[in-house]
Amino acid sequence: MILNEQLVCLKADVKTAEEAILLAAEKFERLGYVTKEYGQAVISRELIYPTGLKGNGYNIAIPHTDPIYVKKPGIAVIIPKEPVRFRMMGTPDTELQCEMIFPLAMEKPEKQLQLLMKLMEFLQNDKKLGQVFHAKHPEEVISIMNDLEI
Amino acid sequence: MTKINILTVCGSGTVSSAMVGLKIKEMLSEHGYDVQIHEVNPGMVANEVATKKIDLIAYTSPIDPKDAEGIPQINAVGVLTGMDEESFLEEALEVLKNRKK
């Protein structure tokens, strides 16, 4: 399953991009989604190719890394207590305060074009992002993002 | 439909480049282009350009413009977020029109 309540962390006590990524990596690894190198690989990649995205109402980040560290696809959801600083994709000099972080465990794109299409639609949907942001329980988040479970 | 090759570039050559690739393919097909998308990371750009006829490069992570001199390069982060698809499309259509076949 792409989504899992155990991959959702609301009011996360993380202050940096690195902490957020490691929190997700620990969950991903424990549930068999990724290898143990995943966390560091994502952190390293984020330093060179940041994944902060500026939306209409919310800023988000989609940290991820190469498919070799991924055993099965999944999406984690980290809603930090306070927005976390990520640098902007394509414009690394710009910093964004991200209210929501969606660490991704993605396999080779050809295997999951449908999922990627749905993910992009979700990330562009301000209404859904708002619902996730205000969710009180992980089950709510899973339900809102249910479309992605193809 | 005019067949064209577009290189999409992101840090890992997978997620973001695949996502914008899908969107660009959809947008341009409405304008009569049959798009073949090639997803790569910035380190692969020079090689792709040397071995394929690339008509346009859409990037979400910065690339070295020297790796692909003469080939139109457009920032596609706005396509990924959906915040700026129109200006990408405008620019893409413009450069594709001017591209010598």
I need two numbers for segment A:9-150: Rg to one decimal and Dmax as a whole number, Cα atoms only, in Å. 13.9, 36
Whole-number D in µm²/s for the protein assembly as shown (Stokes-Einstein; Kirkwood sum over Cα pairs; 10 °C, 1.306 mPa s): 87 µm²/s
Counting only GluC sites (Glu not before Pro) that sit in a DSSP loop (anything but H, G, I, E, B) with at most 16 other Cβ atoms within 10 Å, what is the longest stretch of chain B containing none of them? B:31-68
Within the protein assembly as shown, percent of DSSP bridges classed antiparallel, to nearest 5: 35 percent
Distance between the C-alpha centers of segment A:10-34 and segment A:39-85? Whole Å please. 10 Å
What 222 nm value per residue comes from the helices of the protein assembly as shown, counting each DSSP H run with n ≥ 4 as -39,500 (n - 2.57) and dividing by all residues, nearest 500 deg cm²/dmol? -11000 deg cm²/dmol
Members of A:Lys15/B:Lys25; A:Lys71/B:Lys23; A:Lys127/B:Lys53; A:Lys15/A:Lys136; A:Lys111/B:Lys97 lying beyond 30 Å, as alpha-carbon distances in this model show: A:Lys15/B:Lys25; A:Lys127/B:Lys53; A:Lys111/B:Lys97
Return the loop-located trypsin sites (Lys or Arg not before Pro) in segment B:1-83 (DSSP other than H, G, I, E, B) with at most 13 other Cβ atoms within 10 Å of their own Cβ; answer none if there are none. B:Lys52, B:Lys53
About the Cα centre, and with charges only on the beta carbon of Lys, Arg (+1) and Asp, Glu (-1), how big is the dipole of chain B? Nearest 20 debye, please. 440 debye
Report, please, the projected area of chain B averaged over directions, based on the convex hull of its C-alpha atoms, in nm². 5.5 nm²
For chain A: relative contact order, % (alpha-carbon pairs under 8 angstrom, 6 or more apart): 28 percent
So for chain A: antiparallel DSSP bridges make up what percent, rounded to the nearest 5? 60 percent
Those trypsin sites (Lys or Arg not before Pro) from segment A:76-150 that are DSSP loop and have at most 16 other Cβ neighbours within 10 Å turn out to be A:Lys81, A:Lys136
Taking the Cα centre of chain A as origin and charging only Cβ (+1 Lys, Arg; -1 Asp, Glu), how large is the dipole, in debye to the nearest 20? 60 debye
For segment A:56-150, which GluC sites (Glu not before Pro) are both in a DSSP coil and crowded by at most 13 other Cβ atoms within 10 Å? A:Glu149
What's the center-to-center distance, using Cα atoms, between segment B:1-71 and segment A:105-132 in Å? 20 Å
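Read-outs throughout are calculated quantities, based only on the coordinates presented, and are distinct from any laboratory measurement. For clarity, every value in this text was computed on a predicted model and none was experimentally measured. Note: ideal-geometry Cβ built from the backbone for every residue, glycine included; neighbour counts use all protein chains shown.
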